Amino acid sequence: MQVLRLRKLKADRLFKKVIDKIRLLSHKDRESYLLLYSILGYVPRNIKLYEMAMTHSSTSGMKKLSCNERLEFLGDAVLSSVTADYLYSNFSREREGFLTKSRSNLVCRERLNELALQIGLDKYVNACGVAHQHNNYIYGNALEALVGAIYIDKGYKHCRRFLLDRVFSRLTDIESVVKSDKNYKSRLIEWGQKKHIDVEFRIVTEELRKEGVFFVSEVLVAGEVCGIGDGFSKRESQQKAARQALAKLK
């Protein structure tokens, strides 16, 4: 009985894939659907939702409610939940502190940006009219927004399957990844606390540009400037400054 049920399930999935491919080939917006299908592995119900997920707020003339910021907010929460679930299940002997830090390492902006590029999200972001690349994390943000779109379109199970099968599966050694630490600012502050040395971050300049507000930050270690960084967010500029400082301190 169980064997027959599994066969029927397999046949249903195969039939659905055939129907999806027919829909792809006959759809008027076939190019967008094919590109999305290669990323997602399924045909979306509402392609407009996914196009919104790929639309950055810097797009000329774009209204705030038509860009991906709200979907990014939602996707961030879903991504955090899926990651927490994965870590809890696969690192059963680790304490809460390790799990919290590991989640941060796994879904940090740098990592999400790398993974977004690996799954080809940059092609779809550009296809949706976002040509600006001033923001180093534009594709990582789009990945979060994509997760938000999947959640609305297909639900939590599809989000989990997409992230585990198509995104995190690209990490060849996930254990070493979760134990790494790209939060340079946090590492520098922890170092200062252990050594009883003052660490202070300062915003040097804020410049309004066409693409957004551009920040330059510096970090002072024991009163001396030890690192300078820039970026289109305070966090990005401070992370770069902290990374430079850590390199010098080593």
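The values are calculated or read from the model by the stated rules, or taken from the named source; none is laboratory data. Just so you know, these numbers come straight off a predicted model, no measurement behind them. Quick reminder, even Gly has a Cβ in these numbers, built from the backbone with ideal geometry, and neighbours come from all protein chains shown.
What the table shows:
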item: Positions within the range 53-83 being at pLDDT 90 or above and of a type in the set (A, V, I, L, M), in sequence order; result: Ala53, Leu71, Leu74, Ala77, Val78, Leu79, Val82
item: Leu106, sole failed condition from (1) among the hydrophobic types (A, V, I, L, M, F, W, C); (2) over 12 Å from the mean Cα position of the chain (by Cα); (3) modelled with pLDDT under 90; result: (2)
item: Helices (runs of 4 or more DSSP H) lying entirely in the range 138-250 (those with 2 or more residues that are farther than 30 Å from Lys48 by Cα); result: 174-178, 184-195, 234-249
item: Number of positions in the range 91-124 that are closer than 29 Å to Tyr37 by Cβ and part of a helix (DSSP H, G or I); result: 15
item: Residues of the range 149-166 that turn out to be among the hydrophobic types (A, V, I, L, M, F, W, C) and surrounded by fewer than 21 Cβ atoms within 10 Å (Cβ to Cβ), as a count; result: 2
item: All positions within the range 213-243 that are surrounded by fewer than 15 Cβ atoms within 10 Å (Cβ to Cβ) and among the small types (Gly, Ala, Ser); result: Ala222, Gly223
item: Odd one out for Ser102 among (1) surrounded by fewer than 14 Cβ atoms within 10 Å (Cβ to Cβ); (2) over 30 Å from Thr55 (Cβ atoms); (3) touching a helix residue (DSSP H, G or I) at 6+ places or on another chain (Cβ under 6 Å); result: (1)
